[in-house]
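Read-outs: derived from the displayed coordinates by stated rules, not from any lab. This is a predicted model, so every value here is computed, not measured. For neighbour counting, all protein chains shown are included, and Cβ atoms are generated from backbone atoms with ideal geometry for every residue, glycine included.
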C-alpha cells in the first residue's frame, strides 16, 4: 500500500534543501536524516489533511498562551526567583537534608505505587480495584505535595542566608570603594 505523495520531496531532495539552508546539517548521521525526513513527511501529511484546521489551531493557541505564562508554573532559570533559588541552593547549608528529603520522597512514592498495584492484583472486584487505584493516586499526590512543601520550608532559611550574605558583600564592596 503506497501513500500519496502530497507534493513532498524525496529524501535526497530534502537533504539538499536543508543543507542549503543550514550548513551545519552536513554533520548529521543517516539516522538523524531519516528522523528529520519522517518528521517532515508527517508534518506535510498532517498539513494536507483536513484535521489540522480547528484542532491544530486550538493547540497552537494553548501552546502560545502557555509559553507566555511559562513563569507562572515554575520559575525558569532566567527569571529572578529561579536565579535566586538556584544561587541559594548552590550555597545551601541544607544540601544533605534536601537530598535526604528527595530520596525519602522517591522511596515513599515507590512504596505507594507498589502498594496500590498489589491491592489491585489481590482484589477481584472492579470497584475495589478502582478505589485502590484512586487511593494510591491520592497518596502519591500527597507525597509529591509534601516534598514540595518541605523543599520550600528548607529554601526559606537558605534564601534569607543568601540575601544576608549578598547584603554583606555589597556593603563590603561599598566600603572598599569609599576608601579608595
_Taking the beta-carbon count within 10 Å as an exposure proxy, list 27, 85 from fewest neighbours to most._
27, 85
*If r is the Cβ-Cβ distance from residue 10 to residue 43 and R0 is 22 Å, what FRET efficiency results, to the nearest 0.05?*
0.85
_Could you tell me the relative contact order of the range 76-180? Use alpha-carbon pairs under 8 Å, at least six residues apart, and round to a whole percent._
36
*Hey, any idea what the orientation-averaged projected area of the convex hull of the range 80-179's Cα atoms comes to, in nm²?*
7.7
*Could you give the length gained on full extension between residue 20 and residue 127, defined as 0.36 nm per residue of separation minus the Cα-Cα distance, in nm?*
32.5 nm
*Can you tell me the order of 118-126, 153-161 when each peptide is scored by its average per-residue count of other Cβ atoms within 10 angstrom, highest first?*
153-161, 118-126
*Go ahead and run the numbers for FRET between residue 152 and residue 34, Cβ-Cβ distance against an R0 of 45 Å, rounding to 0.05.*
0.50
*Equivalent-ellipsoid semi-axes (√(5λ), Cα gyration tensor) for the range 111-155, whole Å, largest first?*
29, 9, 4
*asked:* Students often get this wrong: which residues of the range 133-159 have the backbone nitrogen under 15 Å from the point 7 angstrom along Cα-to-C-beta of residue 175?
replied: none
*Over the residues of the range 84-124, compute the C-alpha Rg and express it relative to 2.2 N^0.38 Å.*
1.85
